[in-house]
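The values are calculated or read from the model by the stated rules, or taken from the named source; none is laboratory data. Keep in mind that this is a model prediction, so the values were computed, not measured. Every residue, glycine as well, gets a Cβ built from its backbone with ideal geometry; the counts of neighbours run over all protein chains shown.
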Amino acid sequence: MARARKPDNVHLLQGTHQPCRHGNPDEKPKVEIKIPSPPESLSGVAHAEWLRICDVLKNSGILSDADIGVMAIYCELYAQFQTDPVEFPAAKYTQLRLCMVELGMTPAARSKITVGGGKKENTFADV
């Protein structure tokens, strides 16, 4: 399976953005970064998980209203898993894990996102 494409903001943070490959970031749609409100349809455990995970991810700068869908799916699957982990099917576990990866909630997903200072400093500039 091929690796998922990195978002442009990750390329910009890492200093690996190339306009010839990724296009002009000013021409792409912008999403306001904010903590989304939980949907009314969430169950009690899912609603509590929504509040917990929003608190955890609020400083990451990746949450927006565009993430409501994946967050709701994650929270409902998490609630089902918490209710009866023995009867939780493997297919739902895979969906739960994929939602966690999409939201940067696994160690592997977090390791792929680094907040760097853009271009590296040339150590030989003084020579």
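Worth a mention:
- Here Phe81 does not fit the description of being surrounded by 13 or more Cβ atoms within 10 Å (Cβ to Cβ), assigned to a loop (DSSP other than H, G, I, E, B), at pLDDT 80 or above and among the hydrophobic types (A, V, I, L, M, F, W, C).
- Residue within the range 45-60 that is touching a strand residue (DSSP E or B) at 6+ places or on another chain (Cβ under 6 Å), at pLDDT below 75 and surrounded by 13 or more Cβ atoms within 10 Å (Cβ to Cβ) present: no
- Sub-8 Å Cβ pairs linking a first residue in the range 78-101 that is farther than 16 Å from Leu42 by Cβ to a second residue that is surrounded by 10 or more Cβ atoms within 10 Å (Cβ to Cβ) and at pLDDT below 90, at least 6 apart or interchain, are Arg97/Thr106; Met100/Thr106; Met100/Ala109; Val101/Ala109, ordered by first then second residue.
- Residue within the range 19-34 that is modelled with pLDDT of 80 or more, surrounded by 12 or more Cβ atoms within 10 Å (Cβ to Cβ) and over 22 Å from Arg3 (Cα atoms) present: no
- Test: residue in the range 64-73 that is of a type in the set (Asp, Glu), buried (at least 16 other Cβ atoms within 10 Å of the Cβ) and either in contact with a Lys or Arg (Cβ under 7 Å, 6 or more places away or on another chain) or part of a helix (DSSP H, G or I) (or both): yes
- If only residues of the range 35-44 that are in contact with an Asp or Glu (Cβ under 9 Å, 6 or more places away or on another chain) and either closer than 20 Å to Leu96 by Cα or surrounded by fewer than 13 Cβ atoms within 10 Å (Cβ to Cβ) (or both) are counted, the one that is modelled with the lowest pLDDT is Pro36.
- Search result, residues across the range 84-127 that are acidic (Asp, Glu) and modelled with pLDDT of 80 or more: Asp84, Glu87, Glu102
- Contact map, the range 37-66: residues that are β-branched (Val, Ile, Thr) paired with residues that are outside any loop (DSSP other than H, G, I, E, B), Cβ distance under 8 Å, separation 6+ or inter-chain. Pairs shown: Val45/Tyr78; Val45/Ala79; Val45/Gln82; Val45/Thr83; Ile53/Met71; Ile53/Tyr74; Ile53/Cys75; Ile62/Ile33.
- Screening Val86 with (1) among the β-branched types (Val, Ile, Thr); (2) assigned to a loop (DSSP other than H, G, I, E, B); (3) buried (at least 16 other Cβ atoms within 10 Å of the Cβ) gives one miss only, at (3).
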